[in-house]
Amino acid sequence: MGGRPDEVLAPEEWLTDVERARAARFAFEADRRAFVAAHLLVRLCAAEALGTGPDKLTLLQHCYMHGPGHGVPSIEQAPSLGVAFSHTRGYVCAVAGAGRVGIDAERVPPGPFDELLAGRALSERELAVVTTNDELIRRWARKESLIKRGELTIDQLRSADADLADRHLLEWSAEGDVVVAVVTDTPATRVGIPAWG
């Protein structure tokens, strides 16, 4: 699922105290709205996959370095369901499904090819063939999705191609300059954001 934050029609009461505290720390309201919308959207997405009400689902995150509210997300009531979400200013997306899942949304920068970002994100092989910001950001989003699946780290971006062998890729563009990449173990389909209540 993906869309503008204002398209995620779900109550903030679903958020945990940890999520509310993190949302309150954003300096810009647009970023806070995107954070909240992504956290609500992943519940809607998980509910769709589970055939249950999203108001009955609790999103958990815990990172051994940063504590609660960070790290790989999971649904307390369905810990084996893979879930992930992403947000960029003005756009949010989420995925839920069997096995490991990853999703990322990025805005394509205007202007000439971003050689600095390419040098940080692409392998030598990719640098030889990628020449546009659109393709650069598509590969970046695929790699971010692999990171969210636990298969890659930021430190490995330059040494790894966006290799998706034995995985499924679903991509789309939105809002004119947003690229979304979804990497799953089983085929994924894009569905609309359901209205709640």
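In table form, for the structure just shown:
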quantity	calculated
Within-14-Å neighbourhood charge of Ala128 [Cβ basis; K, R +1; D, E -1]	-2
Longest DSSP-loop-exposure-free segment, chymotrypsin sites (Phe, Trp or Tyr not before Pro), the chain, at most 16 other Cβ within 10 Å	114-195
Extent along principal axes [Cα atoms of the stretch 1-79; Å; largest to smallest]	36, 32, 20
Estimated 222 nm signal from helices in the chain, with DSSP H stretches of n ≥ 4 weighted -39500 (n - 2.57), rounded to 500	-9500 deg cm²/dmol
Å³ per residue enclosed by the Cα convex hull of the chain	125 Å³
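All of the numbers you see were taken from the coordinates with simple rules; none came from a lab. This structure is a prediction, so every number in the text was calculated from the model and none was measured. Heads up, the Cβs are rebuilt from the backbone with ideal geometry, glycines too, and the neighbour counts pull from every protein chain shown.
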